[in-house]
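Quick notes on the structure that follows.
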Amino acid sequence: MSSNAAANAAGNVSGDDRIFGVIPNFLTVEHPEPYVAPLTPKQKFELFAKETFDPFTFASSAAGAGISQINNDNPKYGRGAGAYADRFGAAVADVTTQNFFSDAILATWWHEDPRYFRRGPEYHFWYRVGYALSRVAVTRTDAGKDRFNFSGMVGMSLGIALSNAYYPDASVNGEEVASRFGTSILASALSNILPEFWPDIHDKLFRRKSRAPSRPPAPAVTPATAPAATQAPPGD
């Protein structure tokens, strides 16, 4: 799937599928009205792959693993280069499994749309904030109706459950699993804020100032259009 095709499938009419030119914005429908066609199962899998195997995903996983390494936080693999490699691999696996279950497998199974349908400046600021946060629990079906986000919530849960297979024992217990689930919900909700307001930010930062139209040059005078010279009347 080409970049332009992915942008069109995601409803990005503008083709601006990266926030600040870096952060992937492939799943945002910027202009959801009056009608946006549902994704086919193939498109859902393609968008999953596009958002998951993006360089930014690996870079953010590397950064998150670095922060965890510095503080020796969860997952508690210890210290050293080997521990950092384990943390990085776990971070990539976490993103991949949750996206795979939520955006590809379960979104197809339950006929739900994994995209974020932006509200836009026609709505009030705080309404847009509340709407963006609510999309972690509410999604749109392929038929265009809103309902509980089964694919997102169950997919997130399956990804976290699967992570227990490769997390160290010190990070596998009820408290840690509940903490990961809460963190994932919060991150998923907050991740909709920037796509909601990015077109507004983009317009303010990068919109070219309109210039006053220059005055068109005066048409050249040709003999055919030149006024005839006034001749003096003959003398008496």
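The values are calculated or read from the model by the stated rules, or taken from the named source; none is laboratory data. Just so we're clear, the structure is a prediction, and the values are computed from it rather than from any experiment. Ideal geometry is used to build each Cβ from the backbone, glycine not excepted, and the neighbour counts take in all protein chains shown.
Filtered by the rule that a residue be buried (at least 18 other Cβ atoms within 10 Å of the Cβ) and of a type outside the set (A, V, I, L, M), the stretch 44-59 gives 44, 45, 46, 48, 50, 51, 52.
Specify the residue that is nearest to residue 197 (Cα to Cα); the eligible residues are those in the stretch 123-169 that are in contact with a Leu (Cβ under 9 Å, 6 or more places away or on another chain) and in a loop (DSSP other than H, G, I, E, B).
Among them, the one singled out is 136.
Checked against the criterion of being more than 29 Å from residue 165 (Cβ to Cβ), crowded, with 19+ Cβ neighbours inside 10 Å and at pLDDT 95 or above, the candidates 106, 39 yield just one match: 39. If the condition is being among the acidic types (Asp, Glu) and either in contact (Cβ under 8 Å) with a residue 60 or more places away in the chain or touching a helix residue (DSSP H, G or I) at 6+ places or on another chain (Cβ under 8 Å) (or both), then the stretch 120-153 contributes only 142.
Let's see how each residue does on (1) surrounded by fewer than 19 Cβ atoms within 10 Å (Cβ to Cβ); (2) within 14 Å of residue 155 (Cβ to Cβ); (3) acidic (Asp, Glu); (4) under 18 Å from the mean Cα position of the chain (by Cα):
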residue	(1), (2), (3), (4)
61	no, no, no, yes
73	yes, no, yes, no
80	yes, no, no, no
88	no, no, no, no
99	no, yes, no, yes
116	no, no, no, yes
